[in-house]
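**Student:** Before I ask anything, let me first share the structure, which is written out below as C-alpha cells.
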Amino acid sequence: GAVVSQHPSRVICKSGTSVKIECRSLDFQATTMFWYRQFPKQSLMLMATSNEGSKATYEQGVEKDKFLINHASLTLSTLTVTSAHPEDSSFYICSAPLARGWYNEQFFGPGTRLTVL
Amino acid sequence: KNEVEQSPQNLTAQEGEFITINCSYSVGISALHWLQQHPGGGIVSLFMLSSGKKKHGRLIATINIQEKHSSLHITASHPRDSAVYICAVRSLTTGAGSYQLTFGKGTKLSVIP
C-alpha cells in the first residue's frame with residue numbers, strides 16, 4: 001500500500017522555540033494532506049487541511065499563526081509549531097488520501113510526539 | 001455528544017477469543033473506516049466500508065447503513081492484536097473535494113496469552 005512518513009518521530013524542545021514536523025507521501029502524490037492532534041486517551045482531532053499551492057484550511061479553534069502549514073510540493077507538507085508551550089505537547093499525525101477507483105483511501109503517517117518542557 | 005461512539009472503551013480478552021468492537025454514528029455517512037493504533041502511536045487503516053461486509057484474514061468488518069452501526073470482529077484473537085481500534089466516518093456533508101474524518105475515541109484491546 002501507499003506510505004506516508006513523518007519526521008521527526010519524537011521531539012523534545014524548550015518552551016518558546018519553534019518545531020517543524022514534516023509529512024511526506026513516499027510513493028504517491030497528495031494535493032491534500034490532513035494534520036491531526038491527539039492528546040492522551042483522546043481521539044484524533046483534525047487541526048487543518050493542507051492544500052498544495054494554496055493556503056491551509058484550519059479547523060475552528062486552531063490558531064493559524066501558531067500552527068503554520070506549508071504544502072510546498074505534491075509530496076511534502078510541513079507543520080511548524082511556533083513559540084511552543086507545554087500545552088502544545090501532544091501527538092501530531094498527518095494523513096493523505098489516495099484515490100482508489102471511486103473512493104479515496106486514507107493513509108496515515110506514524111506520528112510525531114512533541115514534548116515541550 | 002460525539003458523532004461517533006465506540007463500545008466498549010476497554011476490552012480484555014484471552015488469546016483465542018472472538019472479539020467484537022462496536023461503532024455507532026449519528027450522521028449520514030459516505031464511508032466508515034476502522035483503524036488500528038499501536039502503542040507507539042502509528043495508525044494503520046484496516047478497512048474502509050460504505051456497505052455490507054469486508055474480511056481480511058482474521059478481521060471482519062460489517063456496516064448497517066440504516067441502523068448507523070458498524071462492527072469490527074477479530075477471530076482467534078492473539079496478543080499481537082493488542083492495540084487501540086478506532087472507528088472514523090466521513091459524513092455526507094463533507095465537501096466533494098474534501099476527505100475529512102470524524103473519529104471515535106477508540107477501543108483499547110488487550111489480548112492476554
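**Student:** So which residues in the range B:6-35 are facing chain A (nearest Cβ under 10 Å) and either touching a His at 6+ places or on another chain (Cβ under 8 Å) or not in a loop (DSSP other than H, G, I, E, B) (or both), if there are any at all?
**Tutor:** B:GLN6, B:SER30, B:ALA31, B:HIS33, B:LEU35
**Student:** Taking into account only those residues within the range A:103-117 that are aromatic (Phe, Trp, Tyr) and buried (at least 16 other Cβ atoms within 10 Å of the Cβ), which is farthest from the other protein chains (Cβ to nearest Cβ)?
**Tutor:** A:PHE107
**Student:** Let me ask another. Could you list, in sequence order, all residues of the range A:43-78 that are assigned to a loop (DSSP other than H, G, I, E, B) and of a type in the set (Ser, Thr, Tyr)?
**Tutor:** Residues satisfying the conditions are A:SER43, A:SER54, A:THR75.
**Student:** If I ask for residues that are open to solvent by 10 Å² or more (accessible area, probe 1.4 Å), more than 14 Å from chain A (Cβ to nearest Cβ) and not in a strand (DSSP E or B), which ones from the range B:45-80 would you list?
**Tutor:** Of everything in the range B:45-80, those that are open to solvent by 10 Å² or more (accessible area, probe 1.4 Å), more than 14 Å from chain A (Cβ to nearest Cβ) and not in a strand (DSSP E or B) turn out to be B:GLY57, B:ARG58, B:ILE65, B:GLN66, B:GLU67, B:LYS68, B:THR75, B:ALA76, B:HIS78, B:PRO79, B:ARG80.
**Student:** State yes or no: is A:ILE12 at pLDDT 95 or above and either assigned to a loop (DSSP other than H, G, I, E, B) or closer than 23 Å to B:PHE103 by Cα (or both)?
**Tutor:** Spelling it out, it is not the case that A:ILE12 is at pLDDT 95 or above and either assigned to a loop (DSSP other than H, G, I, E, B) or closer than 23 Å to B:PHE103 by Cα (or both).
**Student:** Also, quick follow-up: Identify the residue in the range A:20-64 that is surrounded by fewer than 19 Cβ atoms within 10 Å (Cβ to Cβ) and modelled with pLDDT of 95 or more and, among all such residues, is nearest to A:GLN6 (Cα to Cα).
**Tutor:** Result: A:GLU22.
The values are calculated or read from the model by the stated rules, or taken from the named source; none is laboratory data. The structure presented is a predicted model; accordingly, all values stated were derived computationally and were not measured. Virtual Cβ from ideal backbone geometry, glycine too; neighbours counted across all protein chains shown. Note: accessible area is taken over every heavy atom of the protein model, side chains too, but ligands, DNA and RNA are not part of it. Shrake-Rupley method; radii C 1.70, N 1.55, O 1.52, S 1.80 Å.
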